[in-house]
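Written below as structure tokens is the structure these notes are about.
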Amino acid sequence: MKKNWVISTTLFLGFFSFYYLGCQKTDHPFGIYAPNGLDVPTATFTPVTGAILAGVIDNNLPKAGVTVTATDPFANVMTSVTDSFGLAAFNPAVLNLGVWTIEVPTQGRYYQSSIPLTVTGSNDSVTFRAGNQTLSATPVTPQTYGSSNTSIAYNLIYDQPYNLNVPVVLSTNSGLPAPWTKTFQPVTIGNSVGSSNVTIGKTGCYYQAFSFLFNATDLFGNPIDGKPATISRGFPIPIVIGFSQTCSTQCGGGSWTASAALTLTTTNDCGQSWSINVVSVNSLGTTVLNQTNSFINGGTRAYGFTPGGGFQQNINTIITITSPTGSLSGFCSFKQNVPYSGTPINSSI
């Protein structure tokens, strides 16, 4: 009888030790069927209690009302919302040690952003931060265009220096002159992609250099600082000005008049209107003609003037043509009673 008591006491203490050290139920301990379960020792971790904090800061300001999730090493998910200090607190009943995933899900102007956090049970925290986003444009093709329809390509890069993603929508309204267009692929960046292929296309005649902005807005319409770009004309505009002069009346030593004619021939200027100034001065230094008129390709104009002075006066004429594209000047000289025909300007800009 005493022997049976010793055996029973030994077995009890053994099982109590297993339970005290940490155990779980099984209905097959040691291969023995136990329908109500039996406590046996296991090799699981020892849980500790604690807390995790996640902060959200946008442009150096704490952000309230942002939903944050925390996923423990066993895929258990908890949700919290940031308070007025931009803090979301997680206080699980049991804090499982290991690598957690803290995440700001897609919401508002934010795109899904996550941070791995190794939880040790001591001051475990992460901070999500956004701000100082910038756009930069890298030319893929030369930034010049030809006389025919042209496409110019860029790679537009959106840089987010911190870990909280803020997507932006690229704007097509950036001051491009007609007939230029702009396309993006994709239009929204800053989510799963950080750059866009941009094409600037010319669909009609154009001849000037111009600048424009690559700009964007976040999903709430707030602007992101843009980057300027300049595109230049890559072809010449030939300009030929013809000028002729003859006597309108009998040339002699008295008072008489002369007539002159100016013609303009241009190429690739898209029908641009040019301003042409004609100044003629005689040998005595007297200005006998000073007129400014507008011309387009193929335009002509007749001038009448009185050379003045005596017989055989020299007439020196300076012709200047200007437009938003640039300017050219030419010079010619002739005698008042001697017919003249020439091209004071035969060049290009």
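The values are calculated or read from the model by the stated rules, or taken from the named source; none is laboratory data. Predicted model only: the values in this text are computed from it and were never measured. We place every Cβ from the backbone using ideal geometry, glycine too, and count neighbours over all the protein chains shown. Accessible surface areas use protein heavy atoms only, side chains included; no ligands, DNA or RNA. Shrake-Rupley method; radii C 1.70, N 1.55, O 1.52, S 1.80 Å.
Data table
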| quantity | calculated |
| --- | --- |
| Flag if G285 is in a loop (DSSP other than H, G, I, E, B) and either open to solvent by 50 Å² or more (accessible area, probe 1.4 Å) or in contact (Cβ under 8 Å) with a residue 60 or more places away in the chain (or both) | yes |
| Number of the exception - T320 against (1) touching a residue at least 60 places away in the same chain (Cβ under 8 Å); (2) farther than 14 Å from A258 by Cβ | (1) |
| Answer residue from the stretch 218-237, given it is open to solvent by less than 50 Å² (accessible area, probe 1.4 Å) and part of a strand (DSSP E or B) and is nearest to G304 (Cα to Cα) among those | S232 |
| Filtered residues of the stretch 107-126 (kept if of a type in the set (S, T, Y), part of a strand (DSSP E or B) and surrounded by fewer than 17 Cβ atoms within 10 Å (Cβ to Cβ)) | S114, T118, S125 |
| Cβ pairs under 6 Å, 6+ apart, first in the stretch 85-106 and farther than 24 Å from K63 by Cβ and assigned to a loop (DSSP other than H, G, I, E, B), second of a type outside the set (S, T, Y) and open to solvent by less than 60 Å² (accessible area, probe 1.4 Å) | N96/D72; N96/P73; L97/V119 |
| Residue check, P73 under 30 Å from the mean Cα position of the chain (by Cα) and either in contact (Cβ under 8 Å) with a residue 24 or more places away in the chain or closer than 15 Å to V166 by Cα (or both) | no |
| Any pair with Cβ under 8 angstrom, 6 or more apart, that starts in the stretch 179-204 at a residue that is under 13 Å from L135 (Cβ atoms) and in a loop (DSSP other than H, G, I, E, B) and ends at one that is open to solvent by 20 Å² or more (accessible area, probe 1.4 Å) and not polar (S, T, N, Q) | G190/Y111; G194/I157; G194/D159 |
| In the stretch 79-96, residue surrounded by the fewest Cβ atoms within 10 Å (Cβ to Cβ) [restricted to those that are modelled with pLDDT of 95 or more and either within 26 Å of T217 (Cβ to Cβ) or among the aliphatic types (A, V, I, L, M) (or both)] | V81 |
